[in-house]
Amino acid sequence: EFGVAEPLVQKEGASRIVVELAGITEPLRAKEIVQRSAFLEFQMTDKDGLFRQALPSMDRALVAAGVSEASIGRRMADSVSRRGQAATPATPAASSAVEDLLRSSPLPDTAKAARDTSRTRRDTAAAATSSLLGGPLSALLFAGGGTPGEYMVASEKYLIVDEMLKNPAVQRLLPRGIVTRWAAQEVSRGARSFRPLYALQERPIMTGENLVNSQARLDPIYNQAVVEFQLTRRGGRTFERETGRRINDYMAVVLDRKVASPPAVIKSTIGSRGQIELGSASLQEAQDLALVLKAGALPAPLQIVEERTVGPSLGADSIRKGVLAGVVGVVLVVVLIITYYRVSGVLAVAALGLYALFTLGAMAAIGATITMPGIAGFALSVTMAVDANVLIFERIREELVAGKSIRLSIDAGFKMAMNAIVDSNVSMILTAALLFQFGTGPVKGFAVMLIVGVMASMVTAIFVTKTFFLMLLARRQQTQTLSI
């Protein structure tokens, strides 16, 4: 799906997976796709306001623990400072979101921190609605629009609020069955930028385990990237039942624990098809998401423990040796068949030339790539074509020994050998089809080339070679012998 010729994915030991991508041009994008779990959930918003009711208790717990906006800011500043001291002057530490936050509002002392915090709160209040309460956490939360369970956090305070929500005391006070999820993207309200926070029901009404297909496209009306999805029949029935019970409620699409788009009102039942709106995301990001969703979510995150890049020189050397081996094998077959069957062998070799043309044309038509295993499949299918000719020629020789004329011997030879040729070639095609169905990348490439080659060899052996024989007889009508 990513566009490489023969991806290889195989197990190594008990807990590792090896992924090989030949000819990859975007390794960073490939790593991001491989590491994404893309776990999809459809969760309802906190319509009863349970999270809002618990805010006073959370504020009291934070005050009792000595956690405040200023203390978290100082801890972040100390962490950034320690990382900066560890970095050498020649390789300064890369800028992070925390550094950007602190660069815009440094906190050298408590008094200045209090003044900056007060000024930021006044600016935020002017840009959005007033804060919910006066505690450490609720002072940074602002009521959203008309969506239940939606809260706005100034972008520069996003990390501070996130730290507060992760505090064990706050986690214990979260209402049962309620979780908090950040929006995947920021939103603008006036001149300020905010990061939405959503209180959602923990139990999803549907997960991505029931997905069977997903496809990215651009919405022509709003000109934004969307991912259309399709559920299984069973999942569609469940989704239709669950959404039917929640008409006029708000549902959030959650991807990897982040709300992909603002929760929408369920206006009618939703069946097995739907779409995920991605806002300002690019079409390529939507395509990557659709790819990961279609592949299926892993129940655990992937961690890259080793990464290697193999240069093209090693591959070029292998291809050169593979081509040399294939050429030597084909030349030996050609020499042997001409030596043994003489003029008839020459006709068979001429048919092999058309066989190669048919095979390469078919591979080009289906857009296949000829790789090392493909070369092996090509060489094997050449031997299958020669094998068919051997069966035909031996039958012709038997008919000639029995005293039949050249034309009758040729007709009988092709007719009597037909069953054996069809049997062997169909058996080979079935075997290659199983290899394609159950094999990995290189095995699939071998199987594709073998199937195409065997089908082309049947055409050349049965029709082309016989046509050449008839053309030879038309030119030598008086001949009484056949060089075979």
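The values are calculated or read from the model by the stated rules, or taken from the named source; none is laboratory data. Because the structure is a prediction, the values reported are computed rather than measured. Please note: Cβ atoms are built from the backbone with ideal geometry, for glycine as well, and neighbour counts cover all protein chains shown. Please note that ligands, DNA and RNA were not included when accessible areas were found on the heavy atoms of the full protein model with its side chains. Shrake-Rupley method; radii C 1.70, N 1.55, O 1.52, S 1.80 Å.
At a glance:
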read-out: Positions within the range 6-20 being open to solvent by less than 60 Å² (accessible area, probe 1.4 Å) and either of a type outside the set (Val, Ile, Thr) or modelled with pLDDT under 85 (or both), in sequence order; value: Glu6, Pro7, Leu8
read-out: Matching residues, the range 406-421, being open to solvent by 90 Å² or more (accessible area, probe 1.4 Å) and hydrophobic (A, V, I, L, M, F, W, C); value: Leu408, Met416
read-out: Given (1) under 30 Å from Arg320 (Cβ atoms); (2) open to solvent by less than 60 Å² (accessible area, probe 1.4 Å); (3) assigned to a helix (DSSP H, G or I), index of the condition Ala388 fails; value: (1)
read-out: Qualifying residues in the range 192-206 (those that are among the basic types (Lys, Arg) and buried (at least 16 other Cβ atoms within 10 Å of the Cβ)) - the one nearest to Lys258 (Cα to Cα); value: Arg195
read-out: Residue that is modelled with the lowest pLDDT, among those in the range 278-297 that are closer than 18 Å to Lys258 by Cβ and open to solvent by 80 Å² or more (accessible area, probe 1.4 Å); value: Ser280
read-out: Where Ala281 falls short, out of the listed (1) under 21 Å from Thr180 (Cα atoms); (2) touching a strand residue (DSSP E or B) at 6+ places or on another chain (Cβ under 8 Å); value: (1)
read-out: Residues (open to solvent by 40 Å² or more (accessible area, probe 1.4 Å) and in contact with a helix residue (DSSP H, G or I) (Cβ under 9 Å, 6 or more places away or on another chain)) located in the range 430-441; value: Thr431, Ala433, Leu434, Leu435, Phe436, Gln437
read-out: Where Ser424 falls short, out of the listed (1) closer than 15 Å to Asp387 by Cα; (2) touching a helix residue (DSSP H, G or I) at 6+ places or on another chain (Cβ under 8 Å); (3) open to solvent by 90 Å² or more (accessible area, probe 1.4 Å); (4) not hydrophobic (A, V, I, L, M, F, W, C); value: (3)
read-out: Meets criteria (surrounded by fewer than 20 Cβ atoms within 10 Å (Cβ to Cβ) and modelled with pLDDT under 90) for Val382; value: no
read-out: Pairs, first more than 25 Å from Ile406 (Cα to Cα) and in contact (Cβ under 8 Å) with a residue 12 or more places away in the chain in the range 334-359, second open to solvent by 60 Å² or more (accessible area, probe 1.4 Å) and in a helix (DSSP H, G or I), C-beta under 9 Å, six or more apart; value: Tyr355/Val459; Phe358/Met455; Phe358/Val459; Thr359/Met455
read-out: Of residues in the range 21-57 being among the aromatic types (Phe, Trp, Tyr) and either open to solvent by 90 Å² or more (accessible area, probe 1.4 Å) or touching a Leu at 6+ places or on another chain (Cβ under 9 Å) (or both), the one modelled with the lowest pLDDT; value: Phe39
read-out: Residue match in the range 207-226 (condition: under 29 Å from Leu165 (Cα atoms), at pLDDT below 85 and either open to solvent by 60 Å² or more (accessible area, probe 1.4 Å) or among the hydrophobic types (A, V, I, L, M, F, W, C) (or both)); value: yes
read-out: Output for the range 221-245, where each listed residue is touching a residue at least 40 places away in the same chain (Cβ under 8 Å) and touching a Lys or Arg at 6+ places or on another chain (Cβ under 9 Å); value: Ala225, Val226, Val227, Glu228, Phe229, Gln230, Leu231
read-out: Ile370 over 30 Å from Ala433 (Cβ atoms) and either crowded, with 16+ Cβ neighbours inside 10 Å or in contact (Cβ under 8 Å) with a residue 60 or more places away in the chain (or both); value: no
read-out: Hits in the range 12-48 (condition: acidic (Asp, Glu), within 23 Å of Ala286 (Cα to Cα) and out of contact with any helix residue (DSSP H, G or I) (no Cβ under 8 Å at 6 or more places or on another chain)); value: Glu26
read-out: Hits in the range 417-449 (condition: of a type in the set (Gly, Ala, Ser) and either part of a helix (DSSP H, G or I) or over 19 Å from the mean Cα position of the chain (by Cα) (or both)); value: Ala417, Ala420, Ser424, Ser427, Ala432, Ala433, Gly441, Gly445, Ala447
